[in-house]
Amino acid sequence: NNPLGQQQLLLIVLGVIIVGMAVYAGTRLMGTYQQSNERELIIQQMNVLVLEAKKYAARPANLDGGNGAFGGFQPPVSLSETDRVRIYAGATDSAVTFSGFGSINGEDGQNPVQVVMSYSLSGDQRTVEIVN
C-alpha cells in the first residue's frame, strides 16, 4: 500500500533494464570492432602475399619462379598460417586468389570472419570481398 515503495521498485526495475541494454550494446559494439579488426589483419596479410606472388612471377623458372605467371605459386606457410589467420591461395597464370579466415566468428555468428582477395597481372588490379 506504500506508493513510495512501488516507485522505488519501479525505478530499480527500470535501472536494471537500462543497465542490461547498455551491457548488450557494449558487447555488440565490441564484437563488431573485433570482426573489423580481424578483417583488416587478413587484408594486410593478403597484401603481403600479393607481393610474394608478384616476386614469384617475376623470377625465371630456373630460379623456382613463375617466369611471368602466377601458375604454381604457393604462399610460404609462415605468411599464410598464424595463430589468428589462415589464408589459402589459388593461382592461374594471370591471377591469384586468396581466401582468408580469421579466428573469431563473423557477422553470422557461426562461421569465422572471411575475406577473399584477387589480384590480376593484367592492369595490376586487386579486388577485395568481405564474405563474413
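Contact map, region 72-83: first residue among the charged types (D, E, K, R), second residue open to solvent by less than 80 Å² (accessible area, probe 1.4 Å), Cβ cut-off under 8 Å, separation 6 or more or different chains; pairs are Glu81/Ile87; Asp83/Ser103.
Scan region 1-60 for residues that are among the polar types (S, T, N, Q), free of Cβ contacts under 8 Å to residues at least 60 places away in the same chain and open to solvent by 60 Å² or more (accessible area, probe 1.4 Å) and jot them down. Of everything in region 1-60, those that are among the polar types (S, T, N, Q), free of Cβ contacts under 8 Å to residues at least 60 places away in the same chain and open to solvent by 60 Å² or more (accessible area, probe 1.4 Å) turn out to be Asn1, Asn2, Gln6, Gln7, Gln8, Thr27, Thr32, Asn37, Gln44. Residue count for region 106-132 under the criterion of being over 19 Å from Glu52 (Cβ atoms), touching a residue at least 60 places away in the same chain (Cβ under 8 Å), touching a strand residue (DSSP E or B) at 6+ places or on another chain (Cβ under 8 Å) and surrounded by fewer than 16 Cβ atoms within 10 Å (Cβ to Cβ): the result is 1.
Within region 68-118, the set of residues being of a type in the set (Val, Ile, Thr) and either touching a Lys or Arg at 6+ places or on another chain (Cβ under 6 Å) or more than 12 Å from Gln45 (Cβ to Cβ) (or both) comprises Val77, Thr92, Val96, Thr97, Ile104, Val113, Val115, Val116. Among residues that are within 24 Å of Thr27 (Cβ to Cβ), small (Gly, Ala, Ser) and either surrounded by fewer than 19 Cβ atoms within 10 Å (Cβ to Cβ) or modelled with pLDDT under 95 (or both), Ser103 is included.
For region 92-110, the candidate set comprises residues that are among the small types (Gly, Ala, Ser) and part of a loop (DSSP other than H, G, I, E, B); within that set, the residue that is nearest to Gln34 (Cα to Cα) is Gly106.
Of all residues in region 64-91, count the ones that are assigned to a strand (DSSP E or B) and open to solvent by 20 Å² or more (accessible area, probe 1.4 Å). Write out each step before concluding.
First, pick out the residues of region 64-91 that are assigned to a strand (DSSP E or B): 81, 86-91.
Subsequent filtering for residues that are open to solvent by 20 Å² or more (accessible area, probe 1.4 Å) retains 81, 86, 88-91.
So the count comes out to 6.
Report whether or not Ala58 is within 18 Å of Ala95 (Cβ to Cβ) and modelled with pLDDT under 95. For Ala58, the condition - within 18 Å of Ala95 (Cβ to Cβ) and modelled with pLDDT under 95 - is met.
The values are calculated or read from the model by the stated rules, or taken from the named source; none is laboratory data. As the structure is a prediction and not an experimental result, all values here were calculated from the model. Ideal geometry is used to build each Cβ from the backbone, glycine not excepted, and the neighbour counts take in all protein chains shown. Only protein heavy atoms, including side chains, enter the accessible area calculation; ligands, DNA and RNA are left aside. Shrake-Rupley method; radii C 1.70, N 1.55, O 1.52, S 1.80 Å.
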